[in-house]
Structures are given as C-alpha cells and as structure tokens.
Number of protein chains: 2
Amino acid sequence: MESSHTMNQVEDGHKLLADGGERVEQLLAESIDWSRLPDHLAEAAQYGVLGGGKRLRPILVLTCCSAVSGREVDAAAAATALELVHCFSLVHDDLPALDDDELRRGRPTLHVHSGEPMAILAGDLMLAMAFGVIATGPCPPNVRVSLVEELATGTSDMVAGQVYDTIGGLPVDISPLDQVRLVHRNKTGALIRTACRMGGLCGGASPEAMAALTQYGEAMGLMFQIVDDLLDITQSADHVGKATGKDAALGKRTYPAVLAESACQAEVDRLRDKATTAAKKLGDGGYPLQCLAEVMAVRTR
Amino acid sequence: MESSHTMNQVEDGHKLLADGGERVEQLLAESIDWSRLPDHLAEAAQYGVLGGGKRLRPILVLTCCSAVSGREVDAAAAATALELVHCFSLVHDDLPALDDDELRRGRPTLHVHSGEPMAILAGDLMLAMAFGVIATGPCPPNVRVSLVEELATGTSDMVAGQVYDTIGGLPVDISPLDQVRLVHRNKTGALIRTACRMGGLCGGASPEAMAALTQYGEAMGLMFQIVDDLLDITQSADHVGKATGKDAALGKRTYPAVLAESACQAEVDRLRDKATTAAKKLGDGGYPLQCLAEVMAVRTR
C-alpha cells in the first residue's frame, strides 16, 4: 500500500512539474517587459531566462501560494522574479572567473553564447529586473514590500553560499559535514526556502502555515542539493545537461565527499520525510507539495 | 553681481557636498547589516562601498527629499540603497572583462584587492542588498514599492548604458552626438535621475515637484558625464583617483570625441542652466539643488 501510494505521488509530482514548467515558461515570456532594453541585451537576458530548466523554484512559489488557498494570479509576479534571480545566479556562476562552465541546460552558457562582458551585464540586469517585477505585481503594497525583503535576503544568502563554494573561507571550527551543510543551505537552500516563503506571502499564509512552508522549503533545499551532488558522480553530462564529475575534481565540498553514498541516500530520505511532514501540516492543500518532495527525491537529472 | 552670486552658490555647493558626504559615510556604515554575511564577503563589499567617492547620488536623494520638505530620516534608506547600486556598478564595470581598471577612488579596484570571483559576487550582493534596504526602510509601504520600482528601472537603464559603452550595438540611424547622448543618459544619467526621483518620492513630492526633480536630474546626469569626459582628457590619474586618457585610446563614445572642447563646455553650461531653472521651480527649497548644479559644473575631479 505505502509503496503504491508513494508511486502515485511521484506520478502526480511529475505531472505537477510538467504542467508547472509550461505555465512558468508562459509567465516568463509574457510578464517581463524587455522592450525598453537594447536588442542585444534583451536577447542575452532572454537566452539566460528562457532556456528551459526544471523551473522548480517558481513552481514552488505557485504551489505554496495555492497550498494556502491563494490564487495563481497573486503569485505569478513573485514566481517570475524568483526565476529571474535563479537564472541570474546561473549566468554569473558559470562565468570563467567562477565555475567556468560551458554547458548549461544542454546549451552553451551565456558567456559562451554572448561573450563575458554581456554575460556579466545581462546577469546584473536580470537581478535588478526581478525586484522591478515584484514592485509592479498585483499583491497589496505591504505584501510586495515583504516579498522584496524576502528576495533580497534569499539572494544575499545564496551569494554567501556561492562564496563559500567557489572561494572558500568556511568556518574551521565545525565538522566537514557541517561545512557542507552550510554551503548547501546557502548556495541552493536559500532560494528554495525563499520560493516557499514568497508563495506563502502571496497567498496570505497564517504564521503557522508560514512556519510549515519554511520547514518544507529548508528540507527541500538541502535535499535538492544532495541529489545534485549524487547526480554529479553518477550521471553523464549528456544526461543532466551540464558538466558532471567536476565537484570531486575541484575538491568541492559535497555530500559524497564527506559521507558514503548510502549515507547520502539516507539523508535524502530523511529530508524527503521532513518535507512531507511539513506539507501535511497544511492539510489537503499540502498534497501537491508532498508530491513534489517525492519526485525531487528520486529525480535522475 | 551675477558672478559673485554664482561664486557663493559654488561655495555653498562645496559645503553641501562635504557635509552630505560625511553624512552618507555615516549612513553607509550604520544602516547596512553586514552581520549575517561571511567575514570575507562582508569585507569585500565594505571595501567596495565604504571607499569614499563624491557620494553625489545619495546626497541628491537627501537633498531632493528636503527640497520638497521631506525629512532626512525618510530618505536615508533610499540614499543608502542608491549608493549601494552605484558602488556595485563601479565594482562590475572595473572588472577585467569590462573596463579592466585597476584604480578607483585612488585605491586598487575590488578585483585587484579581493580577486575577480569575489568582486563579481560582492557586486551581486550589493545590488541585492540595496533592494532589501529600501524594503525595510521607514517610508509607507506604497512609497517603498515605488522606490523599488524606480531603482529597478534606473538600474536596468544603467546596465543598458554600460552595454552600449563597453560592447556597442548603438543604433546606427542616429548622429554620433545622439549616440553619445544615448550612452550617457543611460550609463550615468539614469542613476542620477533616479536619485532625484527617489528623493522626491521619499519627501512626498507633488506631481509638479516630481516633474521638476526629473528635469533637474536629467540635466545633472548628462552634465555630470560630459564633465567626466572632459576631465578624462585634461586631468591626471593622480588627480582624479582613477585612470584617465583611456576613453580616446579605447575609441569610446564621449562628448570630446564628437564635439570640440569649447562646444562641450557650452553644453555643460546649457545643462547647468537647465538644472538651475528646474530647481528654481521648487522655490526656496530648491536653492541647495542650484548650488549642487553650480559646483558640479566646475568640478575638477
């Protein structure tokens, strides 16, 4: 019973991701005003934003909003803004001075496509535009202000994680596992937590619901990156659409670098259960969030 | 009479800049929460933000707010945010892939000080933090939302100007002078116009006062960059605290590249008068803005 129940949730999760991904592509294409930009800057930014990807973060914004009975229209701007920030972070992380990646989502990275100067500037543009999209969104002004604050904090934390990941400087008085957790909670976890909280804000979540969404987002964020770490050592670049096997070569702080693969998998299971428990606190509205936790725990790309 | 009157205004303008600069240093040191950041990221961002400079943009925010009878406390967050964006733009513009400058405000640029990865990431952080500072500021939520929108638009326009300046792609169906104007209005003018409009928003400016502040900001922004162009060909790097003589060497679009020096000077005078006329529309409250226009027209660094 339990296993077929979970299989249904994985199936429903796949459908949520597929439908949500299409909806987000539409939002990104429709709700950003590229018209006041020089053509080549708009082209570069659109290349960075419209290149596909899982769209997990904006899907989480939309799903968390509806989990607390909010309407999609209230969360659309926040979802768009969050994906702009995520895409900006990928564009800058891929730069030669940082991760120096040439492949992303199965295509050349933006600095390969448009040159390094344009990749830096288009990334900057995407970050600034994200806040403009929220400011002009449909939520009441006090909610928009909270969304801006939330997004600024999430972005700052993400940058801190990227600094730890690419430059180092981690505290030396904590264990290697705690060091990895610190990197992951910031580098990846911050924006996923932010996505869930922004969805809650858009949907007018109660303090209790917001606490559940925060727990859910924190568990999902850490789990997402552990799964990513595992895919980096088990999958080909062709399969996941970006370079793999790089983490170990660069001596990066990852879960498989400090824990056996079976222990990493156990941590994924633990975090999936934690996310599921948090989602259940939201009642029936939390079911789609459970499905997303199940499917993200077993993803293979 | 006219000349001694103007000399008084230049003197008052110098005092406004000196006092305002001190006030802004204080605001930047006090009103940004660096505590949640890794030490080396906080150090790099502070190096980029606290390194002195004229602080014209935040001074304009404060002065435009008080010009429409607003209180300084209402404009402090907006002034801080705008200077964060300006400093972020300098950090990124100085990068090897862009202007490749090693000297700024008489000190090594941030990528020389902290390395290129940190300069990219600290710049990103400064931009995100700017919006967080506004979101948590003291103005009513609807004003904060307008400030975020204004800052996002100004930043996008500035990035567009930087693209034109360093990558090119200017429209070819306009004259060389119009091309330079397009670069300058975006690269430098956008944030100066934004500073004035944000000050007006903080001070609760009427639509008429906002229109005057916008005219003032547009004239000041273009004038500022023409004076910068002139200093680049007439002053030493030691004197202005950054590399000079580079524009011509790089074939950049500048005023002296398309107009004789005397014609550039005439354009400065015309824009100063335009700014002064706009400031006068604000009555007595506009006097400090007149003084700033006079002093910025004759600055030598």
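Report, by residue number, each residue of segment A:147-166 that is within 7 Å of chain B (Cβ to nearest Cβ) and of a type outside the set (A, V, I, L, M). Steps first, please.
Initial filter on segment A:147-166 (within 7 Å of chain B (Cβ to nearest Cβ)): A:148-149, A:152-153, A:155-156, A:159-160, A:162-164, A:166.
Once the filter is applied, which keeps residues that are within 7 Å of chain B (Cβ to nearest Cβ) and of a type outside the set (A, V, I, L, M), segment A:147-166 yields A:Glu149, A:Thr153, A:Thr155, A:Ser156, A:Gln162, A:Tyr164, A:Thr166.
Mind listing just one residue for me: the one in segment B:115-128 that is within 7 Å of chain A (Cβ to nearest Cβ) and free of Cβ contacts under 8 Å to residues at least 12 places away in the same chain and, of those, surrounded by the most Cβ atoms within 10 Å (Cβ to Cβ)? Spell out how you get there, then give the answer.
Step one: filter segment B:115-128 for residues within 7 Å of chain A (Cβ to nearest Cβ), giving B:116-118, B:120-121, B:124-125, B:127-128.
The next check asks that each one be free of Cβ contacts under 8 Å to residues at least 12 places away in the same chain; those that pass are B:117, B:128.
Values: B:Pro117: 19, B:Ala128: 26.
By that ranking, first place goes to B:Ala128.
Among the numbered conditions (1) modelled with pLDDT of 95 or more; (2) surrounded by fewer than 24 Cβ atoms within 10 Å (Cβ to Cβ); (3) within 14 Å of chain A (Cβ to nearest Cβ), the only one that B:Leu191 does not meet is (2).
Conditions tested, residue by residue: (1) closer than 25 Å to B:Arg71 by Cβ; (2) among the hydrophobic types (A, V, I, L, M, F, W, C).
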position: B:Asp99; (1), (2): no, no
position: B:Arg107; (1), (2): no, no
position: B:His113; (1), (2): no, no
position: B:Met118; (1), (2): no, yes
position: B:Ala128; (1), (2): no, yes
position: B:Val145; (1), (2): yes, yes
position: B:Gly168; (1), (2): no, no
position: B:Leu177; (1), (2): no, yes
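In the set (1) more than 29 Å from A:Thr136 (Cα to Cα); (2) surrounded by fewer than 23 Cβ atoms within 10 Å (Cβ to Cβ), the condition left unmet by B:Val180 is number (2). Among residues that are at pLDDT 95 or above, hydrophobic (A, V, I, L, M, F, W, C), under 24 Å from A:Leu222 (Cα atoms) and in contact with a Ser or Thr (Cβ under 9 Å, 6 or more places away or on another chain), A:Val159 is included.
Restricting to segment A:261-286, what's the tally of residues that are touching an Asp or Glu at 6+ places or on another chain (Cβ under 8 Å) and part of a helix (DSSP H, G or I)? Total meeting the criteria: 3.
When restricted to residues that are in contact (Cβ under 8 Å) with a residue 60 or more places away in the chain and either within 14 Å of chain B (Cβ to nearest Cβ) or in contact with a Pro (Cβ under 8 Å, 6 or more places away or on another chain) (or both), segment A:14-30 contains 1. When the residues of segment A:256-301 are narrowed to those that are free of Cβ contacts under 8 Å to residues at least 40 places away in the same chain and hydrophobic (A, V, I, L, M, F, W, C), which ends up surrounded by the fewest Cβ atoms within 10 Å (Cβ to Cβ)? Of everything passing the filter in segment A:256-301, A:Ala260 is surrounded by the fewest Cβ atoms within 10 Å (Cβ to Cβ). Across segment A:198-226, which residue is nearest to A:Ala77 (Cα to Cα) among those that are of a type outside the set (Val, Ile, Thr) and without any contact (Cβ under 8 Å) to a residue 60 or more places away in the chain? Among residues in segment A:198-226 that are of a type outside the set (Val, Ile, Thr) and without any contact (Cβ under 8 Å) to a residue 60 or more places away in the chain, the one nearest to A:Ala77 (Cα to Cα) is A:Met210. The single condition from (1) part of a helix (DSSP H, G or I); (2) farther than 21 Å from B:Ser89 by Cβ; (3) at the interface with chain B (Cβ under 7 Å from one of its Cβ atoms) that A:Gly169 fails is (1). Of all positions in segment B:129-139, none carries a residue that is at pLDDT 95 or above, touching a Gly at 6+ places or on another chain (Cβ under 6 Å) and more than 7 Å from chain A (Cβ to nearest Cβ). A:Gly241 meets the conditions (1) surrounded by fewer than 15 Cβ atoms within 10 Å (Cβ to Cβ); (2) touching a residue at least 60 places away in the same chain (Cβ under 8 Å); (3) not aliphatic (A, V, I, L, M) in every case but one. The failed one is (1). Of the numbered criteria (1) facing chain A (nearest Cβ under 7 Å); (2) among the charged types (D, E, K, R); (3) closer than 23 Å to B:Val227 by Cβ, the one B:Arg144 fails is (3). Of the set (1) more than 14 Å from every other protein chain (Cβ to nearest Cβ); (2) under 30 Å from B:Leu125 (Cβ atoms); (3) not charged (D, E, K, R), all apply to B:His5 but (2). Here B:Leu151 meets the list (1) at pLDDT below 95; (2) part of a helix (DSSP H, G or I); (3) closer than 23 Å to A:Leu84 by Cβ almost entirely, failing just condition (1). Does any residue of segment A:101-113 turn out to be among the hydrophobic types (A, V, I, L, M, F, W, C), within 8 Å of chain B (Cβ to nearest Cβ) and surrounded by 24 or more Cβ atoms within 10 Å (Cβ to Cβ)? Within segment A:101-113 (the criterion being among the hydrophobic types (A, V, I, L, M, F, W, C), within 8 Å of chain B (Cβ to nearest Cβ) and surrounded by 24 or more Cβ atoms within 10 Å (Cβ to Cβ)), the answer is no, since none of the residues qualifies.
The values are calculated or read from the model by the stated rules, or taken from the named source; none is laboratory data. As the structure is a computational prediction, the values presented were derived from the model and not from experiment. Positions of Cβ are backbone-derived with ideal geometry, glycine not excepted, and every protein chain shown enters the neighbour counts.
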